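Single-structure report; data block below.
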Amino acid sequence: MPFVATTTALIRGTLGGIVSLLTFSGTDADRLAWIAVVFGVTLYLATTLLRGLAHRLDARPARWGYFRLAAPLGLIYSTGLWLLSSFGKMRTPELTELGRTILFDTPSKPSVEQGSELLFRMKLYVDSVITALLRPVVGTDWAPIVSIALSVNVLTGFVVAIYAVVIAEMVVRAENAML
């Protein structure tokens, strides 16, 4: 049973990670590098936390990590992407620019690269709309912070959680075997 669970999580994590990074990160090499850094930092924090829980509380990462860790990891990842946007590493397109791209620049059968870039830009625009809608409700200062929790990027926490569980489980098992 542990072998099947680990294999399933590994396959899902690999496929989910590749799909999410390709589909939801666009094609700009500089932006991809920064997003990979945020993904890696989030994954490192998760595996460190799971490993610590396994040693201090005798918790099993495979049982504990995925369901309890996915949402907080999504918030961490979303915060990282918000910081990238705040420092100008990602630019949100305007509606006219996005519409022009969809109507005139995207072929009827777009390539993976074209589709990936379009989906990423649409995701950025949706997140900016969420922030704009929150401004009257929570105020101009709090809207970007609240929008971190409502961003589409939070869903990436589920992908990071799969990776974290698999890595932490393998590390804990290897450490236990060596002791």
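Read the figures in this text as sums done on the coordinates, not as results from a lab. Only a predicted model underlies this, so the values are computations on that prediction, with no experimental measurement involved. Quick reminder, even Gly has a Cβ in these numbers, built from the backbone with ideal geometry, and neighbours come from all protein chains shown.
Structure notes:
- E94 versus V112: modelled label distance in nm, points set 7 Å from Cα along the beta carbon direction: 3.4 nm
- Candidates S85, S116, S147: whichever shows maximal mean-square fluctuation once the chain is modelled as a Gaussian network with Cα springs under 10 Å: S85
- Axis angle, to the nearest 10 degrees, between helix 29-56 and the longest C-alpha principal axis of the chain: 30 degrees.
- Label selected from (1) 9, 37, 38, 14, 1; (2) 9, 32, 30, 19, 8, 2, 0; (3) 8, 22, 25, 19, 13, 7, 3, 2, 1, 0, the criterion being P(r) over Cα pairs in 10 Å bins from 0, in percent as computed here: (2)
- Cα gyration tensor shape of the range 106-179, rounded if a/c is under 1.5, else prolate or oblate by comparing a/b with b/c: oblate
- Based on C-alpha pairs under 8 angstrom that are at least 6 apart in sequence, the chain has a relative contact order of 42 percent.
- Those chymotrypsin sites (Phe, Trp or Tyr not before Pro) in the range 45-153 that DSSP places in a loop and that have at most 13 other beta carbons within 10 Å: F87, W142
- Sorted fewest first by neighbouring Cβ atoms within 10 angstrom, T156, T7 come out as T7, T156.
- Highest mean first, the peptides 130-137, 38-45 sorted by other C-beta atoms within 10 Å per residue fall in the order 38-45, 130-137.
- Value at 222 nm in deg cm²/dmol, rounded to 500, when DSSP H runs of n ≥ 4 in the chain each add -39,500 (n - 2.57): -27000 deg cm²/dmol
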